[in-house]
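Participant: Below you'll find the structure I mean.
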Amino acid sequence: MKYVIVGNSAAGIGGVEGIRSVDRSGEIVMFTDEPYHTYSRPLISYYLQGKTDIEKMSYRPEGFYCDNNVRLERGVKVAAIDAENRRVVLDSGASESYDKLLLATGSRAATPPIDGLENAALLFHFLTLDDAKALKSIVAPNSRVLIVGAGLIGLKCAEGLSATGCSITVTDIAGRVLSAALDEGGASMVQRHMEQQGIRFRLNDRIAKITKNRATFAGGQHVDFDILVVAAGVLPNTELMCALGCDAQRGIRVDSLSQTEVPGIYAAGDCVRCCDISSGQEKIMAILPNAYLQGEAAGVNMAGGNKSFETPIPMNAVTLMGLRVISAGTFAGEEHNAGDEGAYKKLFVEDNLLKGYILIGHVERAGIYTSLITGKIPLDTIDFDLMKAQPQLMAFSRSGRQKMLGGQ
Amino acid sequence: MKRITVNEKWCLGCHLCEYYCAFANSGGEDMAKALKGITIQPRLRIEQAGCISFAVACRHCDTPLCVKSCITGSLSVRDGVVCVDREKCVGCYTCVMVCPYGAVMPSESGAIQKCELCTQRSPGIPACVSGCPNGAIVLENGG
Ligand SMILES: Cc1cc2nc3c(=O)[nH]c(=O)nc-3n(C[C@H](O)[C@H](O)[C@H](O)COP(=O)(O)OP(=O)(O)OC[C@H]3O[C@@H](n4cnc5c(N)ncnc54)[C@H](O)[C@@H]3O)c2cc1C
């Protein structure tokens, strides 16, 4: 059996580990258009900040490819798939055959439709190690940076850059920061915290036009910048599937065994659309744990095993300038406020189930809440008042606890 | 597969395990000196309410969600023990978000800390197990 994996990040690595848990000997060839050993993408902001280095950023140890008997082809782009003959065609024109193919192509930066965007003196995205290296080499203490997008990536970029002492403005059409991961109250707490540390925000506003060093907003005001960072969301890399005639623009669809509609082709990670079990909606959940778990399941299935990844939910754990934030699930249903001083806490309950939560400040043991969502635990089987106060195993029945902790 | 199991009905709620844990991971020679005047940060914790108490420590799961979800590759399984590379960990707390037992702990350095069954310190029996006066924390060596 010969496996080809396109993408050398979380989903691709999950694919390798999944395949190797079933098949120790099949041939694995991996392609990446980046020039690096697998690295942790979220760490690029820590790199910018000087809190980690390239060596510590590697997502797996140095011997990973050798130990797993993987041939890694770096700096090589897969240009097309010849599904009929089961070959991938490389940008060099060469090709490689496969029996099973995993697309773990991730996502790329979306380009917002802003008039004159291409005229910006210095324009960056913030998705790859090369992006971070380029930004780091150019930013200076007197730089004026404008970041378009107040989502996770935009805010992490702001945090990373703030260490240099440059002046930073973050703007977004949305009326609040982290609009996908927080409700209004939580978002304003995060915004205030970052403002106190010198980051400026211009939310609920639209850039009408960009010239060399100036962004002019719809209302006529402007912000001058030396460096423009566009962090306005990501788009799934699905061209390879689209070129096969599949309707995959908004994410590749896979079945419960990670297979796409084309025989022999599997997909996982940020390029895949899947069902959020906390809301029942289909979406792309561009987070690393999902990417790994989907990749791992795909790998097992490619190697003839049987594994479905059953509990995808949106969730985010992020620390912004010292403030800890964890949120998960959907913010629908009845709201339970349980924050204490200096902390923010909301639980969302519907149909006797925990659907989502937001914790800011105090986030210890959040995973117990996450497990209530993913396990769809009926809340009337636990002591919910106790659970609301603190995530704790005490809130489960004695027999439930025994199952969890072993012993008698 | 080594792991700690907890006999809830034998737990006295004395918190000694927390002290033994903190001491074992302090690198100190003398327990009283090592722990004097500090707020201990043990890698396991006692939950207590009324007359019920029990210790919660890492279960070293067969399918460790923390390891699979770790965004940096700092968590890994070594000989069945879930270990953290604290040099590499940036303290993003993704593991805290996914551990269903709430067994991943914060630490002063910012990196997370967790029970590693004392494999990094004093090989043999974990300090909480040997220190429990009532046999409420047991090391299982099952397969
Ligand atoms: C700054 C930042 C912070 C983040 N923080 C967090 C966080 O705190 N928590 C979290 O859960 N997630 C976070 N994320 C998101 C996380 O990084 C992604 O969800 C994850 O990397 C997705 O993994 P993936 O393997 O699906 O795709 P990617 O990481 O996008 O990797 C895909 C790879 O495939 C390569 N590729 C694509 N097409 C081809 C082709 N045709 N030929 C060859 N190679 C190709 C790409 O170059 C890339 O290397 C963050 C992202 C960023 C940018």
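The values are calculated or read from the model by the stated rules, or taken from the named source; none is laboratory data. No experiment lies behind these values; they were computed from the predicted model shown. No Cβ is skipped: glycine too gets one built from the backbone with ideal geometry, and neighbour counts run over all protein chains shown.
Participant: Give the number of residues within region A:215-238 that are buried (at least 17 other Cβ atoms within 10 Å of the Cβ) and of a type in the set (D, E, K, R).
Facilitator: 1
Participant: Looking only at region A:80-99, which residues are surrounded by fewer than 17 Cβ atoms within 10 Å (Cβ to Cβ) and touching a helix residue (DSSP H, G or I) at 6+ places or on another chain (Cβ under 9 Å)?
Facilitator: A:Ala80, A:Asp99
Table: residues versus (1) surrounded by fewer than 20 Cβ atoms within 10 Å (Cβ to Cβ); (2) assigned by TED's automatic domain parsing to the domain that holds A:Thr38; (3) over 23 Å from the mean Cα position of the chain (by Cα).
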position: A:Ala121; (1), (2), (3): yes, no, yes
position: A:Asp131; (1), (2), (3): yes, no, no
position: A:Ala134; (1), (2), (3): yes, no, no
position: A:Ile138; (1), (2), (3): yes, no, yes
position: A:Ser143; (1), (2), (3): yes, no, yes
position: A:Gly160; (1), (2), (3): no, no, no
position: A:Ala174; (1), (2), (3): yes, no, no
position: A:Val177; (1), (2), (3): no, no, no
position: A:Gly186; (1), (2), (3): no, no, no
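Participant: So, one more: So B:Ser107 ticks every box in (1) of a type in the set (Gly, Ala, Ser); (2) more than 16 Å from the ligand (Cβ to nearest atom); (3) in contact with a Cys (Cβ under 9 Å, 6 or more places away or on another chain) but one. Which box is left unticked?
Facilitator: B:Ser107 satisfies all of (1) of a type in the set (Gly, Ala, Ser); (2) more than 16 Å from the ligand (Cβ to nearest atom); (3) in contact with a Cys (Cβ under 9 Å, 6 or more places away or on another chain) except (3).
Participant: Return the residue satisfying two criteria in turn: it lies in region B:90-143 and is out of contact with any helix residue (DSSP H, G or I) (no Cβ under 6 Å at 6 or more places or on another chain) and more than 20 Å from B:Ala22 (Cα to Cα), and of such residues it is surrounded by the most Cβ atoms within 10 Å (Cβ to Cβ).
Facilitator: Looking at the filtered set, the residue picked out is B:Cys92.
Participant: Also: Going by the structure shown, is B:Val98 more than 26 Å from A:Leu372 (Cβ to Cβ) and within 12 Å of chain A (Cβ to nearest Cβ)? Walk me through it before giving the result.
Facilitator: Working: more than 26 Å from A:Leu372 (Cβ to Cβ): no; within 12 Å of chain A (Cβ to nearest Cβ): yes.
Considered against the rule, which asks whether it is more than 26 Å from A:Leu372 (Cβ to Cβ) and within 12 Å of chain A (Cβ to nearest Cβ), B:Val98 comes out as no.
Participant: Could you check how many residues of region A:390-408 are more than 8 Å from chain B (Cβ to nearest Cβ), surrounded by fewer than 19 Cβ atoms within 10 Å (Cβ to Cβ) and not small (Gly, Ala, Ser)? Explain how you work it out, then say what you get.
Facilitator: If we filter region A:390-408 for residues that are more than 8 Å from chain B (Cβ to nearest Cβ), which is where we start, we get A:390, A:395-397, A:399-400, A:403.
If we keep only those that are surrounded by fewer than 19 Cβ atoms within 10 Å (Cβ to Cβ) too, we end up with A:390, A:397, A:399-400, A:403.
Remaining after also requiring not small (Gly, Ala, Ser): A:390, A:403.
So the answer is 2.
Participant: Shifting gears a bit: Which condition number does A:Met387 fail, the rest of (1) surrounded by fewer than 22 Cβ atoms within 10 Å (Cβ to Cβ); (2) within 13 Å of another protein chain (Cβ to nearest Cβ); (3) aliphatic (A, V, I, L, M) being met?
Facilitator: (1)
Listed here are the residues, each with its yes/no results for (1) buried (at least 21 other Cβ atoms within 10 Å of the Cβ); (2) hydrophobic (A, V, I, L, M, F, W, C).
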| residue | (1), (2) |
| --- | --- |
| B:Thr5 | no, no |
| B:Asn25 | yes, no |
| B:Ala34 | no, yes |
| B:Asp62 | no, no |
| B:Leu75 | yes, yes |
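Participant: I'd like the full set of residues that are in contact (Cβ under 8 Å) with a residue 40 or more places away in the chain and within 18 Å of A:Ile5 (Cα to Cα), limited to region A:277-296.
Facilitator: Within region A:277-296, A:Leu288, A:Ala291, A:Tyr292, A:Leu293, A:Gln294, A:Gly295, A:Glu296 qualify.
Participant: Counting just the residues of region A:259-280 that are modelled with pLDDT under 95 and more than 15 Å from the ligand (Cβ to nearest atom), which one comes out surrounded by the most Cβ atoms within 10 Å (Cβ to Cβ)?
Facilitator: A:Ser278
Participant: While we're looking at this one, here's another question. Yes or no: region A:350-360 includes at least one residue that is within 11 Å of another protein chain (Cβ to nearest Cβ) and either surrounded by 17 or more Cβ atoms within 10 Å (Cβ to Cβ) or not charged (D, E, K, R) (or both).
Facilitator: Within region A:350-360, the first condition is being within 11 Å of another protein chain (Cβ to nearest Cβ), and the residues that meet it are A:357, A:359.
Then drop every residue that is not either surrounded by 17 or more Cβ atoms within 10 Å (Cβ to Cβ) or not charged (D, E, K, R) (or both), which leaves A:357, A:359.
Yes, there is a match, as at least one residue in region A:350-360 is within 11 Å of another protein chain (Cβ to nearest Cβ) and either surrounded by 17 or more Cβ atoms within 10 Å (Cβ to Cβ) or not charged (D, E, K, R) (or both).
Participant: Go through the residues of region B:36-46 one by one and say whether even a single one is crowded, with 20+ Cβ neighbours inside 10 Å, within 11 Å of chain A (Cβ to nearest Cβ) and more than 15 Å from B:Leu117 (Cα to Cα).
Facilitator: No, that holds for no residue.
Participant: Can you spot a residue in region A:281-293 that is away from the ligand (no atom under 16 Å from the Cβ), at pLDDT below 95 and in a loop (DSSP other than H, G, I, E, B)?
Facilitator: Pass one, region A:281-293, residues away from the ligand (no atom under 16 Å from the Cβ): A:281-282.
Those still in the list that are at pLDDT below 95 too: A:281-282.
In the following step, the residues that additionally are in a loop (DSSP other than H, G, I, E, B) were identified as A:281.
Yes - at least one qualifying residue is present in region A:281-293.
Participant: Please verify whether A:Gly322 is farther than 19 Å from A:Ile382 by Cβ and outside the structural domain of A:Phe396 (by TED's automatic domain parsing), treating the condition exactly as stated. First the steps, then the outcome.
Facilitator: Values: farther than 19 Å from A:Ile382 by Cβ: yes; outside the structural domain of A:Phe396 (by TED's automatic domain parsing): yes.
Considered against the rule, which asks whether it is farther than 19 Å from A:Ile382 by Cβ and outside the structural domain of A:Phe396 (by TED's automatic domain parsing), A:Gly322 comes out as yes.
Participant: Looking at B:Lys68, is it surrounded by fewer than 22 Cβ atoms within 10 Å (Cβ to Cβ), at the interface with chain A (Cβ under 8 Å from one of its Cβ atoms) and under 23 Å from A:Leu372 (Cβ atoms)?
Facilitator: Working: surrounded by fewer than 22 Cβ atoms within 10 Å (Cβ to Cβ): yes; at the interface with chain A (Cβ under 8 Å from one of its Cβ atoms): yes; under 23 Å from A:Leu372 (Cβ atoms): yes.
For B:Lys68, the condition - surrounded by fewer than 22 Cβ atoms within 10 Å (Cβ to Cβ), at the interface with chain A (Cβ under 8 Å from one of its Cβ atoms) and under 23 Å from A:Leu372 (Cβ atoms) - is met.
Participant: Then there is this: Of the conditions (1) more than 12 Å from the ligand (Cβ to nearest atom); (2) surrounded by fewer than 23 Cβ atoms within 10 Å (Cβ to Cβ); (3) at pLDDT 95 or above, A:Leu127 fails just one. Which one is it?
Facilitator: Just one mismatch for A:Leu127, condition (1).
Participant: Mind counting the residues in region A:375-384 that are within 12 Å of chain B (Cβ to nearest Cβ) and buried (at least 17 other Cβ atoms within 10 Å of the Cβ)? Give the derivation first.
Facilitator: Step one: filter region A:375-384 for residues within 12 Å of chain B (Cβ to nearest Cβ), giving A:375, A:377, A:383.
If we keep only those that are buried (at least 17 other Cβ atoms within 10 Å of the Cβ) as well, we get A:377.
Adding up the residues that qualify gives 1.
Participant: Do we have A:Ala150 as free of Cβ contacts under 8 Å to residues at least 60 places away in the same chain, within 14 Å of the ligand (Cβ to nearest atom), in the same structural domain as A:Asn204 (by TED's automatic domain parsing) and among the small types (Gly, Ala, Ser) here? Let's see the steps before the verdict.
Facilitator: Working: free of Cβ contacts under 8 Å to residues at least 60 places away in the same chain: yes; within 14 Å of the ligand (Cβ to nearest atom): yes; in the same structural domain as A:Asn204 (by TED's automatic domain parsing): yes; among the small types (Gly, Ala, Ser): yes.
For A:Ala150, the condition - free of Cβ contacts under 8 Å to residues at least 60 places away in the same chain, within 14 Å of the ligand (Cβ to nearest atom), in the same structural domain as A:Asn204 (by TED's automatic domain parsing) and among the small types (Gly, Ala, Ser) - is met.
Participant: For residues in region A:95-117 being of a type outside the set (Ser, Thr, Tyr) and more than 13 Å from the ligand (Cβ to nearest atom), which is nearest to the other protein chains (Cβ to nearest Cβ)?
Facilitator: Going through region A:95-117, the residues of a type outside the set (Ser, Thr, Tyr) turn out to be A:96, A:99-104, A:106, A:108-110, A:112-117.
Retained after the next criterion (residues that are more than 13 Å from the ligand (Cβ to nearest atom)): A:99-100, A:112-117.
Numbers: A:Asp99: 26, A:Lys100: 21, A:Pro112: 26, A:Pro113: 31, A:Ile114: 30, A:Asp115: 36, A:Gly116: 36, A:Leu117: 30 Å.
The extreme case among them is A:Lys100.
Participant: When you go through A:Ile377, A:Ile373, A:Ile368, A:Ile358 one by one, which is the residue that is modelled with pLDDT of 95 or more, touching a helix residue (DSSP H, G or I) at 6+ places or on another chain (Cβ under 6 Å) and either farther than 30 Å from B:Gly135 by Cα or not in a loop (DSSP other than H, G, I, E, B) (or both)? Steps first, please.
Facilitator: Working: A:Ile377 fails: touching a helix residue (DSSP H, G or I) at 6+ places or on another chain (Cβ under 6 Å); A:Ile373 fails: touching a helix residue (DSSP H, G or I) at 6+ places or on another chain (Cβ under 6 Å); A:Ile368 fails: touching a helix residue (DSSP H, G or I) at 6+ places or on another chain (Cβ under 6 Å).
Among A:Ile377, A:Ile373, A:Ile368, A:Ile358, only A:Ile358 is modelled with pLDDT of 95 or more, touching a helix residue (DSSP H, G or I) at 6+ places or on another chain (Cβ under 6 Å) and either farther than 30 Å from B:Gly135 by Cα or not in a loop (DSSP other than H, G, I, E, B) (or both).
Let's see how each residue does on (1) in contact with a strand residue (DSSP E or B) (Cβ under 8 Å, 6 or more places away or on another chain); (2) over 22 Å from B:Arg59 (Cα atoms):
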site: A:Leu320; (1), (2): no, yes
site: A:Glu350; (1), (2): yes, yes
site: A:Leu353; (1), (2): no, yes
site: A:Tyr369; (1), (2): yes, no
site: A:Gly375; (1), (2): no, no
site: A:Pro378; (1), (2): yes, yes
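Participant: Given (1) closer than 22 Å to B:Met97 by Cβ; (2) touching a helix residue (DSSP H, G or I) at 6+ places or on another chain (Cβ under 6 Å), where does B:Gln41 come up short, assuming only one miss?
Facilitator: All conditions pass for B:Gln41, except number (2).
Participant: For the condition within 16 Å of the ligand (Cβ to nearest atom) and within 14 Å of another protein chain (Cβ to nearest Cβ), what is the one hit in A:Ala231, A:Ala181?
Facilitator: Values: A:Ala231 fails: within 14 Å of another protein chain (Cβ to nearest Cβ).
Result: A:Ala181 is the single residue among A:Ala231, A:Ala181 that is within 16 Å of the ligand (Cβ to nearest atom) and within 14 Å of another protein chain (Cβ to nearest Cβ).
Participant: Kindly provide the set of residues from region B:56-91 that are of a type in the set (Val, Ile, Thr), closer than 26 Å to B:Asn141 by Cβ and more than 14 Å from the chain's Cα centre (by Cα), ordered by number.
Facilitator: Of all residues in region B:56-91, those of a type in the set (Val, Ile, Thr) come to B:56, B:63, B:67, B:71-72, B:77, B:81-82, B:84, B:90.
Then drop every residue that is not closer than 26 Å to B:Asn141 by Cβ, which leaves B:56, B:63, B:67, B:77, B:81-82, B:84.
Matches in region B:56-91: B:Thr63, B:Val67, B:Val77.
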